[in-house]
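The values are calculated or read from the model by the stated rules, or taken from the named source; none is laboratory data. Quick caveat, the model's predicted, so the values are computed rather than measured. Virtual Cβ from ideal backbone geometry, glycine too; neighbours counted across all protein chains shown. Just the protein is used for accessible areas: all its heavy atoms, side chains included, with ligands, DNA and RNA removed. Shrake-Rupley method; radii C 1.70, N 1.55, O 1.52, S 1.80 Å.
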Amino acid sequence: MTGLRERQKAGRRRDILAAASQLFRKDGFADTSVEAIAALAEVGTGTVYNYFSSKGDLLMALVALDGEQVRAKGKRYIASVSGDAASALYGLLAIYVDHSLVHLTKELWRNAMATAVTQADSPFGIGYFENDRLLAEQVGELVTALQAKGKMRADIDPAVTGSALFTVVNGLFMQFVARDAMPKTALHAKLRDQVTLLCSGLASEAPSQRKRA
């Protein structure tokens, strides 16, 4: 019986999040009410508040859901990665970019970023930056895997390198969401160029060594 109740609770939570995502996308964050979310999810307004304390909490839950799903994709990618370091690292960061608009629009990301920066010590801000930390950590895990395959220099720190590479994609992603007219293809092109440039100094051996070999 307990298992059934837990499944029902999880199902209601998913329904509420799905309704919030749909209405946030259609009407925008500011113009979406909790009452409208409850109606679309076919639950009472009080039920929504049983799961989420505010619209901001719903937005953070969508950011967290995005993070959980993209990290799961990243884990599968790392387990089967192949190719050179630049291509492998770009591939992982491209997964992050491609998944970014599944649950949230550019406008919602702007709201999330602004709230995280202005309320960094709030549960929202803490959760947002923890999600970033976990993604940067995952990039470091890929660096470790590439080192084990001899694709990257063994003397570099995977955690520092992962953080640096995630900072690159995070900065480009901020530019992307700030500009409604910027297509994802432009983000991908900039990301590939910058990852390739950074990886030119992180390869398993320097270009001069390869020429002499």
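Just need a number here: residues in the range 73-84 that are open to solvent by less than 40 Å² (accessible area, probe 1.4 Å) and at pLDDT 95 or above.
Total satisfying the criteria: 2.
Could we say that GLY11 is open to solvent by 40 Å² or more (accessible area, probe 1.4 Å), in a helix (DSSP H, G or I) and not charged (D, E, K, R) here? Let's see the steps before the verdict.
Values: open to solvent by 40 Å² or more (accessible area, probe 1.4 Å): no; in a helix (DSSP H, G or I): yes; not charged (D, E, K, R): yes.
Considered against the rule, which asks whether it is open to solvent by 40 Å² or more (accessible area, probe 1.4 Å), in a helix (DSSP H, G or I) and not charged (D, E, K, R), GLY11 comes out as no.
I'd like the full set of residues that are outside any helix (DSSP H, G or I) and hydroxyl-bearing (Ser, Thr, Tyr), limited to the range 81-100. Step through it out loud before you land on a result.
Looking only at the range 81-100, we keep the residues that are outside any helix (DSSP H, G or I), and these are 81-84, 100.
Once the filter is applied, which keeps residues that are outside any helix (DSSP H, G or I) and hydroxyl-bearing (Ser, Thr, Tyr), the range 81-100 yields SER82, SER100.
If GLY67 satisfies every condition in (1) under 30 Å from ARG192 (Cα atoms); (2) at pLDDT 95 or above; (3) open to solvent by less than 30 Å² (accessible area, probe 1.4 Å) but one, which is the exception?
Looking at each condition in turn, GLY67 falls short on (2).
Do you know which residues across the range 184-205 are among the hydroxyl-bearing types (Ser, Thr, Tyr), exposed (fewer than 15 other Cβ atoms within 10 Å of the Cβ) and not in a helix (DSSP H, G or I)?
To start, the set of residues in the range 184-205 that are among the hydroxyl-bearing types (Ser, Thr, Tyr) comprises 185, 196, 200, 204.
The next check asks that each one be exposed (fewer than 15 other Cβ atoms within 10 Å of the Cβ); those that pass are 185, 200.
Hit for the range 184-205 is SER200, nothing else.
Only residues that are under 22 Å from LEU197 (Cα atoms), assigned to a helix (DSSP H, G or I) and open to solvent by less than 80 Å² (accessible area, probe 1.4 Å): list them for the range 119-151, please. Steps first, please.
Taking the range 119-151 as the starting set, the residues that turn out to be under 22 Å from LEU197 (Cα atoms) are 135-151.
Restricting the remaining residues to those that are assigned to a helix (DSSP H, G or I) gives 135-148.
Matches in the range 119-151: LEU135, ALA136, GLN138, VAL139, GLY140, LEU142, VAL143, THR144, ALA145, LEU146, GLN147.
Go through ALA181, ALA154, ALA159 for me and flag whichever is open to solvent by 50 Å² or more (accessible area, probe 1.4 Å), within 19 Å of VAL81 (Cβ to Cβ) and in a loop (DSSP other than H, G, I, E, B). It would help to see each step written out before you state the result.
On the way: ALA181 fails: within 19 Å of VAL81 (Cβ to Cβ); ALA159 fails: in a loop (DSSP other than H, G, I, E, B).
Sole residue among the options that is open to solvent by 50 Å² or more (accessible area, probe 1.4 Å), within 19 Å of VAL81 (Cβ to Cβ) and in a loop (DSSP other than H, G, I, E, B): ALA154.
Going residue by residue through the range 101-112, is there one that turns out to be in a loop (DSSP other than H, G, I, E, B), among the hydroxyl-bearing types (Ser, Thr, Tyr) and exposed (fewer than 15 other Cβ atoms within 10 Å of the Cβ)? Break it down stepwise before answering.
First, the residues of the range 101-112 that are in a loop (DSSP other than H, G, I, E, B): 101-105.
When the remaining residues are screened for being among the hydroxyl-bearing types (Ser, Thr, Tyr), the result is 105.
Those left that are additionally exposed (fewer than 15 other Cβ atoms within 10 Å of the Cβ): none.
Within the range 101-112, not a single residue is in a loop (DSSP other than H, G, I, E, B), among the hydroxyl-bearing types (Ser, Thr, Tyr) and exposed (fewer than 15 other Cβ atoms within 10 Å of the Cβ).
Considering each residue of the range 67-94, count those that are among the acidic types (Asp, Glu) and in contact (Cβ under 8 Å) with a residue 60 or more places away in the chain, and give that number.
Number satisfying all stated conditions: 1.
Do you know which residues across the range 18-41 are assigned to a loop (DSSP other than H, G, I, E, B) and surrounded by fewer than 16 Cβ atoms within 10 Å (Cβ to Cβ)? Break it down into steps so the answer makes sense when it comes.
We begin by selecting, within the range 18-41, every residue assigned to a loop (DSSP other than H, G, I, E, B); these are 28-33.
Answer for the range 18-41, where residues must be assigned to a loop (DSSP other than H, G, I, E, B) and surrounded by fewer than 16 Cβ atoms within 10 Å (Cβ to Cβ): GLY28, ALA30, ASP31, SER33.
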